[in-house]
Amino acid sequence: MDVKLPQVDFSKYPPEIQSAVQKYSDFINDKLEPDLKKVLELRDTIYTRMSEYLKLKTHIDTIRTHELEELETKIDLGSDFFVKAFVPDTSYIYVNVGFGFHLQMTLKEADMFIDEKVKHMEKLADKHTEEANEIRAKIKMVYGALMESLNLIDK
């Protein structure tokens, strides 16, 4: 993904070396790079969800700052399709707490929940970042060992 094998003509090497090169290349392409892609996609999903919670926190702050008791807004139904919505009482909101469940909370409760949820999600994102870095290191290690064994590393 981030690390690419230099273009080298392996045809000058014996068949057993070519076979080993192919085996390592297949390991990187079939195992490590898909694992890296999966971990990065999971991390990106977490960042997207975090941004939605932080956006909600901003909306809560706006409701508090302007002391809004009712609210007229637009809601995104998906694919940038917006509809008008009217909220007659802003003292309670429904927050997605995960697994498809929504919980009615006061603005203060929602604020506290969002803070904790974002902290938890940051830890998860950091974990996925560490995993991605470990996979990248493995890819570089395999490429480096392969190049070194073929005496192709410039010194």
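The values are calculated or read from the model by the stated rules, or taken from the named source; none is laboratory data. Keep in mind that this is a model prediction, so the values were computed, not measured. Positions of Cβ are backbone-derived with ideal geometry, glycine not excepted, and every protein chain shown enters the neighbour counts. These area figures cover heavy atoms from the full protein model, side chains too; ligands, DNA and RNA do not enter into them. Shrake-Rupley method; radii C 1.70, N 1.55, O 1.52, S 1.80 Å.
Table for the structure above
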{"read-out": "Flag for A137 being more than 18 Å from M50 (Cβ to Cβ), among the hydrophobic types (A, V, I, L, M, F, W, C) and in a helix (DSSP H, G or I)", "value": "yes"}
{"read-out": "Answer from L103, L150 - the residue that is open to solvent by less than 30 Å² (accessible area, probe 1.4 Å) and in contact with a helix residue (DSSP H, G or I) (Cβ under 9 Å, 6 or more places away or on another chain)", "value": "L150"}
{"read-out": "Any hit, the stretch 22-40, residues being modelled with pLDDT under 95, aliphatic (A, V, I, L, M), open to solvent by less than 70 Å² (accessible area, probe 1.4 Å) and over 21 Å from N133 (Cβ atoms)", "value": "no"}
{"read-out": "Qualifying residue in the stretch 62-71 (condition: touching a strand residue (DSSP E or B) at 6+ places or on another chain (Cβ under 8 Å), free of Cβ contacts under 8 Å to residues at least 24 places away in the same chain and more than 24 Å from A132 (Cα to Cα))", "value": "yes"}
{"read-out": "Filter pass, K55 being open to solvent by 100 Å² or more (accessible area, probe 1.4 Å), within 20 Å of V39 (Cα to Cα) and basic (K, R)", "value": "no"}
{"read-out": "Selection count, the stretch 79-100, where residues are open to solvent by 60 Å² or more (accessible area, probe 1.4 Å), closer than 24 Å to T65 by Cβ and under 23 Å from the mean Cα position of the chain (by Cα)", "value": "1"}
{"read-out": "Extreme residue, nearest to the chain's Cα centre (by Cα), among residues of the stretch 112-137 that are buried (at least 16 other Cβ atoms within 10 Å of the Cβ) and closer than 15 Å to D61 by Cα", "value": "I114"}
